[in-house]
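The values are calculated or read from the model by the stated rules, or taken from the named source; none is laboratory data. Values in this document were obtained by computation on a predicted structure and should not be read as measured data. Quick reminder, even Gly has a Cβ in these numbers, built from the backbone with ideal geometry, and neighbours come from all protein chains shown.
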Amino acid sequence: MSEEKVSIKQIRIERKYPEDLKSYYVSNIVVQHEPEMFFLSFFEVFPPPIIADTDEERAKALGALTQVDAKCVARLAITPGKMKEFITAMQENYKGYQKLIAAMKGED
């Protein structure tokens, strides 16, 4: 049996965003998992307009609501390894965001 030589080559990834790519306001996220996969579901939730002249009418209309629809705008399936990378990237990005907000408020 001959030894095979394994070579590793770094290849740059160039990220491209299609011109027709839509962005959504996500106000609800569901994370589920199985042994080999995580599922991230992103939802838009828009409360229905409540039109009322008085606080009493507004309270009555709100009391009559039994549900608000949530539209799934994206669902991602991610391996556990990529999920770990995603969590790390989100934590680092959020720390940067917090520093920016603190600097804007003069809380350095």
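In this entry, Asp53 is excluded by the filter for residues that are surrounded by fewer than 10 Cβ atoms within 10 Å (Cβ to Cβ), in a loop (DSSP other than H, G, I, E, B), within 21 Å of the chain's Cα centre (by Cα) and free of Cβ contacts under 8 Å to residues at least 12 places away in the same chain.
Met37 fulfils the conditions (1) at pLDDT below 95; (2) closer than 30 Å to Gly81 by Cβ; (3) among the hydrophobic types (A, V, I, L, M, F, W, C) except for a single criterion, (1). In region 13-50, the residue that is farthest from Val73 (Cα to Cα) out of those that are among the aliphatic types (A, V, I, L, M) and not in a loop (DSSP other than H, G, I, E, B) is Met37. State yes or no: is Ser7 closer than 21 Å to Met90 by Cβ and surrounded by fewer than 10 Cβ atoms within 10 Å (Cβ to Cβ)? In short, no. Does Val68 meet the test of being under 26 Å from the mean Cα position of the chain (by Cα), assigned to a loop (DSSP other than H, G, I, E, B) and surrounded by 12 or more Cβ atoms within 10 Å (Cβ to Cβ)? Criteria not met by Val68. If I ask for residues that are charged (D, E, K, R) and surrounded by 10 or more Cβ atoms within 10 Å (Cβ to Cβ), which ones from region 10-50 would you list? Answer for region 10-50, where residues must be charged (D, E, K, R) and surrounded by 10 or more Cβ atoms within 10 Å (Cβ to Cβ): just Glu44.
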